[in-house]
Amino acid sequence: MRILAFESTCDETAVAVVEDGRSVLSDEIFSQAKLHAVYGGVVPEIASRCHVESIALLAQRAVETAGIEKKDIDAVAVSYAPGLIGAVLVGVNFAKACALALDRPLIPVHHIRGHIAANYLAYPELEPPFLCLTISGGNTLLVDVRDYTDMRILGSTRDDAAGECFDKTARVLGLPYPGGRPIDLISQGGDDSRYVFPVAHVSGNPYDMSFSGLKTAVINLVHNAGQKGEELDRADLAASFTKAVSDSLVPRTMQAVRELGRDKLAVAGGVAANSRIRADFQRAAEEAGCRLYIPPLKLCGDNAAMIGAQGYYEYLAGVRADSSLNAYATMDL
Ligand code: KG4
């Protein structure tokens, strides 16, 4: 079954063709990051307008690159929540028009479910049940994936997402947006014990996380140093900051692996591209005797192939939308 899939929840316009949920026939992505970089973050209206300008061309290209014709498409899937509402609306409306024009079923896909499904593309043998930590620019969730469409949130951030914390830290260090990758690069070889940052523990749920204190600690350190005219070592700071993020994520996730008795752990989302976090999870999973799944870098960030993958399993579960489908800024998993 071939699914034409759309993703437009933030600043990536993406269209893909995915076969049977596992095989990527085409994966077209236009990242708007450079357009937003001058503002230090995503400007919602610019994002929406840019999606409008590029989505039709990308759809055409996705079909051509897949080596198929439009009539070979069996269904249309779209990421309909959560995200920047104007941005999501563009993808939803375009997908609805495609489904109508092609006379094919329309499948709504939750964006985070898509991130989790990126692992199905990278690892054909992966099947639920497994645990998945989803760490992206807007969300940080620890999810028990009981079946392809049956998921339970074990924990989440109480405030900022891990990616947001990377982006704000990068901004105070004068690094470009999005800041995760630049921080990853400058932290290589840095001393991660040079600066001590807080690792928050929140009461109530052992799997919940918090990143706003860490963000504030970095901002205060940089501002105080600036006022005193002191030089900070950016490599050491980036490495110490990344260690604090990793120390918030890895032990909690491994605690869930132990307590739920899962032998498979997946990590997904843009922050899963971080080299330190990947290495820490690799080590922790080996120690716990648990198999680790982390997608290649291309599938960590927003893409439409992951929406096509999850769309397939939603389709098998009977999930359909009609032409009244709307876009949502927030939505439960
Ligand atoms: O999943 P994603 O592309 O978009 C959302 O759904 O939010 O994630 C984007 C986030 C940004 O905050 C970006 O800075 C972060 O992922 N990111 C990274 C790295 N590459 C991207 N964070 C840490 N290290 C990286 N190498």
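The values are calculated or read from the model by the stated rules, or taken from the named source; none is laboratory data. Everything numeric here is computed off the predicted structure, so don't read it as measured data. Note: ideal-geometry Cβ built from the backbone for every residue, glycine included; neighbour counts use all protein chains shown. The accessibility values were calculated without ligands, DNA or RNA, using every heavy atom of the protein model including side chains. Shrake-Rupley method; radii C 1.70, N 1.55, O 1.52, S 1.80 Å.
General remarks:
- Boolean, HIS36 is within 25 Å of LEU333 (Cα to Cα) and either outside the structural domain of ARG252 (by TED's automatic domain parsing) or of a type outside the set (Phe, Trp, Tyr) (or both): no
- Only residues that are within 14 Å of the ligand (Cβ to nearest atom) and outside any helix (DSSP H, G or I) were counted in region 157-188, giving 10.
- Tallying residues that are among the hydroxyl-bearing types (Ser, Thr, Tyr) and either more than 20 Å from ALA305 (Cα to Cα) or in contact with a Pro (Cβ under 7 Å, 6 or more places away or on another chain) (or both) within region 10-55 yields 2.
- Lone qualifier among ARG283, ARG278 - being free of Cβ contacts under 8 Å to residues at least 60 places away in the same chain, closer than 30 Å to LYS298 by Cβ, within 15 Å of the ligand (Cβ to nearest atom) and open to solvent by 40 Å² or more (accessible area, probe 1.4 Å): ARG278
- In region 202-213, the qualifying residues are those that are surrounded by 14 or more Cβ atoms within 10 Å (Cβ to Cβ) and small (Gly, Ala, Ser), and the one that is nearest to ASP247 (Cα to Cα) is SER210.
- Scanning region 302-324 for residues that are away from the ligand (no atom under 16 Å from the Cβ) and in contact with a Lys or Arg (Cβ under 7 Å, 6 or more places away or on another chain) yields a total of 1.
- VAL42 falls short on exactly one of the conditions (1) within 12 Å of the ligand (Cβ to nearest atom); (2) modelled with pLDDT of 95 or more, and that condition is (2).
- Residues of region 214-270 that turn out to be in a strand (DSSP E or B) and either more than 16 Å from the ligand (Cβ to nearest atom) or surrounded by fewer than 19 Cβ atoms within 10 Å (Cβ to Cβ) (or both), as a count: 2
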